[in-house]
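What follows is one structure encoded as structure tokens, with my remarks underneath.
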Amino acid sequence: VRLYARPDAIRRGSGDYALNITRRLIEFYEDYFKVPYSLPKLDLLAVPKHPYAAMENWGLSVFVEQRILLDPSISSISYLLDVTMVIVHELCHQWFGDLVTPVWWEDVWLKEGFAHYFEFVGTDYLYPGWNMEKQRFLTDVLHEVMLLDGLASSHPVSQEVQQATDIDRVFDWIAYKKGAALIRMLANFMGHSVFQMGLQDYLTIHKYGNAARNDLWNTLSKALKKVGKSVNIQEVMDQWTLQMGYPVITILGNETTDNVIVITQERFVYNSDTKPKDSALGDNSYLWQIPLTIAVGNTSHISSEAIIWVSNKSEHHRIPALEEAGWLLGNINQTGYFRVNYDIRNWRLLINQLTRNHEVISVSNRAGLIDDAFNLARAGYLPQNIPLEIIGYLSEEKDFLPWHAASRALYPLDKLLDRTEHYNIFNEYILRQVATMYLKLGWPTNNLNKSLVQASYQHEELRREVIMLACSFGNKHCHQQAATLISDWISSNRNRIPLNVRDIVYCTGVSLMDEDVWEFIWMKFHSTTAVSEKKILLEALTCSDDRNLLNRLLNLSLNSEVVLDQDAIDVIIHVARNPHGRDLAWKFFREKWKILNARYGEALFMNSKLVSGVTEFLNTEAELRELKNFIKSYEGGAAASFSRAVETVEANVRWQKLYKEELFQWLRKSLTH
């Protein structure tokens, strides 16, 4: 196992981490798959420029520097995690992709979904306490891809590929993240050990050859037969891979008969005005076979889970222990790829439970309830106040995951509101939820001698999440702390800012303090060589409130001497996230579209990331018109990205019209109590 990089990176020891974990991961995969690594050597190559994060060439994987080089003295936990997961991903491909290759491009999601799922399984092997597959997978994969897949303009995970130009299209987040989420659901309803056995058989049968999804389904069905279970995996999985979108399951208590519940399924869509592309199909014909796990609970206890296979539009089921229990919870630990809605009575009981003793409900289910509630409300399936009431319990929440889920779910809501006149009411409400925990946790100290990994990952990430919310919603103490740390750095020219919160401090400092700070960060961006540090310094420059500086930065971003091509996109997107720069980035994007499209049109992900980044938070009728006019007039690719953009902005405008007032009314009421 060898690693190649530029001489100065090797001298600094920036490649050591990757080399060490690669050795351990090869052992992990050989043991898990029971198939030895197939070649006499494995080389890792770190390059300054590459159109993708990495590429799994058999025995010679190529990585862009910032996804493999790690300078332990100045890297945050999230950067360490990034590097780790890209390496775990590419190594998984040495089996799934290289040793056994999909027959055709429509099944690209097979290799990508597996590699993405194993990013979490493999990282758990390296860091057993981090609970990646059970926890972090939810916020980083499941919740994220459900946002995309809830659009009527989504597409199935298996897409037909007829000509070469179709190939790029199949490498998108649906293939990676939905693929991974479906594989996780499968592993959970099969049972992990049976699933593992099935994968071992699949790789053994097909090694040095090609296989299609049905080969995998058949092998997995056989593995289940061996342990005396019969599920037709192909029949179940075809519905999940050949239909786009996902279901929302609604569980209703029955007023007349005790212990009986009604379970219905329908396709979840954010913007219910948009008709699906194929209107002959209509949303009504969407049906899935859903492995719904259910548990019932009361103030001190939750039952073990039972599984119900839901395959009809509407079904009645008896739940024997329901009446003593009180509340009911579906999709235990969020292993399934669907959302769950309840009648208001059950939501109230769950909110009450979280407030009184949240630990009865598992960490992953607490995160799942938060994400489902925010998204059900955004799509109009649930009153706007329910998600905000759920996060009322967070002042008692000591686990990272529910905070992370809340922070990610609040983000799009924040962006819908951040240019409205009553924004401060929303701001105030969030600050109230965060204050207690912010005071309790405080700031990290900067002990540089302690390696990141020893620090309790969950605790440090929780503290980071709370500081991020406090600073971005304007907690006074958080602002002062950030300003003090920046001033200290400028006056002493020694950066003592704790690694795990550097990006937050830089960004907060730039937004609060004067132009000198911006110039100082700009200078540091030029002088630093460490890739992880360069990235966060550049992003901090986009946090300014000064529109002239934001414009200057946008114009500089296209100068390849100053900003690397792959980083220019991040600059434009981050300016668009800033309420002071949203219209500037949107205008810049339209004026420079020809250049941008010529530069990024060929690279996977780049174009769609850019299009969604500058449009996803537009939310006025005027902006929607601008978007539609722009699409009429421009030349060149990205058609799918633009139709997603239109649908997203339409949903934003619709939400403003239908639900904004309801939200503010509730916030006003709750703030006066």
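Here are the numbers for the structure shown:
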quantity	calculated
With every protein chain in place, region 305-410: carbon and sulfur % of accessible area (1.4 Å)	50 percent
Mean-position separation - Cα centroids, region 410-445 and region 477-527, in angstrom	21 Å
Global geometry of region 575-657, whether rounded, prolate or oblate, following the gyration tensor of its Cα atoms and the 1.5 cut on a/c	prolate
Relative packing of 130-136, 226-232, which averages over residues the other C-beta atoms within 10 Å, highest first	130-136, 226-232
Prolate/oblate/rounded call for the chain, Cα gyration tensor, a/c under 1.5 rounded	rounded
Signed unit charges on C-beta, dipole axis of region 422-567, positive-most listed residue 433, 537, 560	433
Partnerless Cys - the chain, beta-carbon criterion under 4.7 Å	92
Sequence ranges 622-634, 524-536, ranked by mean other-Cβ count within 10 angstrom, highest first	524-536, 622-634
Cα-based Rg of region 1-57 normalised by 2.2 N^0.38 Å, two decimals	1.27
If the convex hull is drawn through the Cα atoms of region 2-242, its volume per residue in Å³	132 Å³
Residue-normalised accessible area of the chain, expressed per residue, 1.4 Å probe, Å²	40 Å²
Region 238-268 versus region 385-409: alpha-carbon centroid distance in Å	25 Å
Two-site FRET efficiency, residue 671 against residue 440, from Cβ-Cβ distance with R₀ of 22 Å, rounded to 0.05	0.50
Region 475-543 pair-distance distribution - Cα-Cα, 5 Å bins, rounded %	3, 18, 32, 30, 12, 3, 1
Carbon/sulfur fraction of accessible area - region 529-673, other protein chains in place, 1.4 Å, %	53 percent
Pairwise FRET efficiency - residue 74 versus residue 257, Cβ, R0 = 56 Å, nearest 0.05	0.35
Surface share of carbon and sulfur [accessible, 1.4 angstrom probe, percent] for region 1-127	58 percent
Links that overshoot a 29 Å alpha carbon limit, given the list 594/628; 535/628; 177/222; 313/632	535/628; 313/632
P(r) histogram, all alpha-carbon pairs of region 277-410 included - 5 Å bins from 0, percent	2, 10, 19, 22, 21, 14, 8, 3, 2, 0
Sequence of 149, 583 from largest to smallest accessible area, 1.4 Å probe	583, 149
Prolate/oblate/rounded label for region 309-352 (Cα gyration tensor, a/c 1.5)	oblate
For region 158-183 versus region 1-49, the gap between their alpha-carbon centres in whole angstrom	27 Å
Gain in span if fully extended, residue 298 to residue 356, counting 0.36 nm per residue against the direct Cα distance	19.8 nm
Approximate spin-label separation residue 660-residue 164, in nm, with each point projected 7 Å along Cα-to-Cβ	4.8 nm
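The values are calculated or read from the model by the stated rules, or taken from the named source; none is laboratory data. All of these numbers come straight from a predicted model, not from anything done at the bench. Because the Cβ atoms are built from the backbone with ideal geometry, glycine has one as well, and the counts that use them run over all protein chains shown. Surface accessibility is based on the protein's heavy atoms, side chains included, excluding ligands, DNA and RNA. Shrake-Rupley method; radii C 1.70, N 1.55, O 1.52, S 1.80 Å.
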